[in-house]
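Below you'll find the structure, written out as structure tokens, and then a few comments.
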Amino acid sequence: MLKKDILHALRVKPGSKLKLQERDTGWAQTEELKELGKEDIKERASQLLQASLDELAAAQDLLYADDRYSLLLVFQAMDAAGKDGTIKHVMSGINPQGCQVYSFKKPSAEDLDHNFLWRYMKSLPERGRIGIFNRSYYEDVLVVRVHPELLDGQKLPGDKRGKSFWKARYEDINAFEKHLVRNGTIILKFFLNVSKQTQKERFLERLERPEKNWKFSPADLAERDFWDDYQEAYEKALTATSTDDAPWYVIPADHKWATRALVADIVSTTLMSLALRYPEPTGDSLILLEKARAKLAAEE
């Protein structure tokens, strides 16, 4: 389990203003970690990841049996930050029957005929299950804010798209998430914070290694030109929507081993804190169990 000072360093405190330039994208999040050194931290991260995966597997069974909560994990990041790999590794030990992953692409014509939250509402996890949004409704205050011309396709009334418009969208998201939490959905939101230099290196790797060529898209390179605009959009969105109900965690993403260990620990620790329990049979159920036990015992 992560120490409180590390969790504090990763979490966006509700009501505080996020400055991404002040967030380290590497592995040294505290002075103590810097003193330990990279190799020591990398070994501890490997141990932490394995322990978290074991806890997560056990907690998933309890989550399903308890049947009071669902868990929604939201992942947002710049391209090549490692969302897919993080999801793959963190969820590697759980039962796939109890987990669903949605990767949201460009909205369809049907999506655009509804409010911006509609297509995400349809994909929420039911009680007892884990849902993962690989990109999410936050795209509508991120990519749409960077490219406001996309609003033209949303057929919205009025033509004002200033600060009050985006403020209203943040309020809609906060109200939506608060409603979900009140009804048993635990929400954890992760922004994988990759540096511009590391993104460049990963893009080059995709271009230079034939087996990774398929992962490269010219659109990713085009969006890189808007790096500063995206950083500003993320700062505003995370500042406005990190709440006690649904906190944002800024996860350093320059080293994949650190990213995966941190996310896995936060997820497993959160589930273990819910006091989940297996249902205990009572009354008529106990009588039926005893009858079933006696019947089976009497068989030759």
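The values are calculated or read from the model by the stated rules, or taken from the named source; none is laboratory data. This is a predicted model, so every value here is computed, not measured. Counting neighbours? That spans all protein chains shown, and the Cβs are built from the backbone with ideal geometry, glycine included.
The rows are residues; the columns are (1) more than 26 Å from Asp84 (Cα to Cα); (2) modelled with pLDDT of 95 or more; (3) among the hydrophobic types (A, V, I, L, M, F, W, C).
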position: Phe104; (1), (2), (3): no, no, yes
position: Pro107; (1), (2), (3): no, no, no
position: Phe116; (1), (2), (3): no, yes, yes
position: Leu124; (1), (2), (3): no, yes, yes
position: Asn134; (1), (2), (3): no, yes, no
position: Val143; (1), (2), (3): no, yes, yes
position: Val146; (1), (2), (3): no, yes, yes
position: Gly162; (1), (2), (3): yes, no, no
position: Lys167; (1), (2), (3): yes, yes, no
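Residues considered: Glu126, Glu177, Glu205, Glu211. Of these, the only one that is in a helix (DSSP H, G or I), surrounded by fewer than 13 Cβ atoms within 10 Å (Cβ to Cβ) and out of contact with any Cys (no Cβ under 8 Å at 6 or more places or on another chain) is Glu211.
Close contacts from the range 5-21, counting a first residue that is in contact (Cβ under 8 Å) with a residue 24 or more places away in the chain and a second that is outside any loop (DSSP other than H, G, I, E, B) and surrounded by fewer than 15 Cβ atoms within 10 Å (Cβ to Cβ), with Cβ to Cβ under 8 Å and a gap of 6+ residues or different chains, come to Asp5/Glu32. Considering the conditions (1) more than 21 Å from Asp229 (Cα to Cα); (2) in a loop (DSSP other than H, G, I, E, B); (3) of a type in the set (A, V, I, L, M, F, W, C), Phe133 is excluded by exactly one of them, (2).
Every residue, every condition in (1) among the hydroxyl-bearing types (Ser, Thr, Tyr); (2) over 19 Å from Ile132 (Cα atoms), yes or no:
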position	(1), (2)
Leu262	no, no
Asp265	no, no
Ser268	yes, no
Leu276	no, yes
Pro279	no, yes
Gly283	no, yes
Ile287	no, yes
Glu290	no, yes
Lys295	no, yes
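For the range 139-146, the criterion of being out of contact with any Lys or Arg (no Cβ under 9 Å at 6 or more places or on another chain), within 24 Å of Glu126 (Cα to Cα) and in a helix (DSSP H, G or I) is satisfied by at least one residue.
Considered as a group, the residues in the range 43-72 that are in contact with a Lys or Arg (Cβ under 8 Å, 6 or more places away or on another chain) and assigned to a strand (DSSP E or B) include one that is surrounded by the fewest Cβ atoms within 10 Å (Cβ to Cβ), and that residue is Ser70. Taking the stated definitions as given, is Arg119 under 14 Å from the mean Cα position of the chain (by Cα), among the charged types (D, E, K, R) and buried (at least 16 other Cβ atoms within 10 Å of the Cβ)? The answer is no for Arg119. Name the one entry in Ala258, Ala237, Ala246, Ala233 that is in a helix (DSSP H, G or I), at pLDDT 95 or above and surrounded by 21 or more Cβ atoms within 10 Å (Cβ to Cβ). From the options Ala258, Ala237, Ala246, Ala233, the qualifying one is Ala237.
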